[in-house]
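S.K.: Before we start, here is the structure in question, set down as structure tokens.
Here, each number is a calculation from the coordinates, and none is a lab measurement. Since the structure is predicted, the reported quantities are computational estimates derived from the model, not experimental observations. Glycine also receives a Cβ, built like all others from the backbone with ideal geometry; neighbour counts cover every protein chain displayed.
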Amino acid sequence: MALTKEVTIDKYEIVGAHKMVQCRVATVISEDGVELSRSFSRYVLAPDADVSLETAETQALCASVHTVAVKLAYRAFLAESAMELEGN
């Protein structure tokens, strides 16, 4: 009986005005090639995220959607949100 655990990013979604990259991680537990369980978790990469430790595929996707214009708009959004919080 050989148990194996495989963790992969199996789905990407580009969400919202600021092109957040949502990554779904699948964790599959198998015994002798037969899947016993599968679970999912997610994490989100904003335009200002450090993606240097992500997979090459994830880095390429982020580079294609997190353009300079998207990054500037996201920074402006964060600055505006911070000013609104300070004002309340």
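S.K.: Enter the angle in degrees (range 0 to 90, nearest 10) between the Cα long axis of helix 56-65 and the first principal axis of the Cα atoms of the chain, meaning the one along which they spread out most.
M.R.: The two axes meet at around 30 degrees.
S.K.: Another question about this same structure. Can you show me the helix-derived [θ] at 222 nm for the chain, built from DSSP H runs with n ≥ 4 at -39,500 (n - 2.57) apiece and divided by the number of residues, rounded to the nearest 500.
M.R.: -11000 deg cm²/dmol, from helical runs alone.
S.K.: Which order do the peptides 18-29, 36-47 take when ranked by the mean count of other beta-carbon atoms within 10 Å per residue, highest first?
M.R.: 18-29, 36-47
S.K.: Give me the net charge for the shell around HIS18: Cβ to Cβ below 11 angstrom, other residues only, Lys and Arg +1, Asp and Glu -1.
M.R.: After counting each charged neighbour, the total is +2.
S.K.: What is the calculated FRET efficiency for ALA82 to VAL15, with r their C-beta to C-beta distance and R₀ = 25 Å, to the nearest 0.05?
M.R.: 0.70
S.K.: Turning to a different aspect of this structure: By how many degrees, between 0 and 90 and to the nearest 10, does the Cα long axis of helix 68-87 differ from the longest principal axis of the chain?
M.R.: 70 degrees
S.K.: For the stretch 3-87, what does the relative contact order come out to in percent, with C-alpha contacts under 8 Å and a separation of six or more?
M.R.: Averaging sequence separation for qualifying contacts and normalising by length gives 23 percent for the stretch 3-87.
S.K.: Right, here's the next one. Taking the Cα centre of the stretch 3-87 as the origin, how large is its charge dipole in debye, to the nearest 20, when only Lys and Arg (+1) and Asp and Glu (-1) carry charge on their Cβ atoms?
M.R.: Magnitude of the dipole: close to 180 debye.
S.K.: Can you find, among MET20, ALA2, THR58, the residue sitting farthest towards the positive end of the charge dipole of the chain, where Lys and Arg contribute +1 and Asp and Glu -1 at Cβ?
M.R.: Positive-most Cα among the choices belongs to MET20.
S.K.: To continue, here is another question. Can you put MET1, MET83 in order, fewest other beta carbons within 10 Å first?
M.R.: So the ranking, lowest neighbour count to highest, is MET1, MET83.
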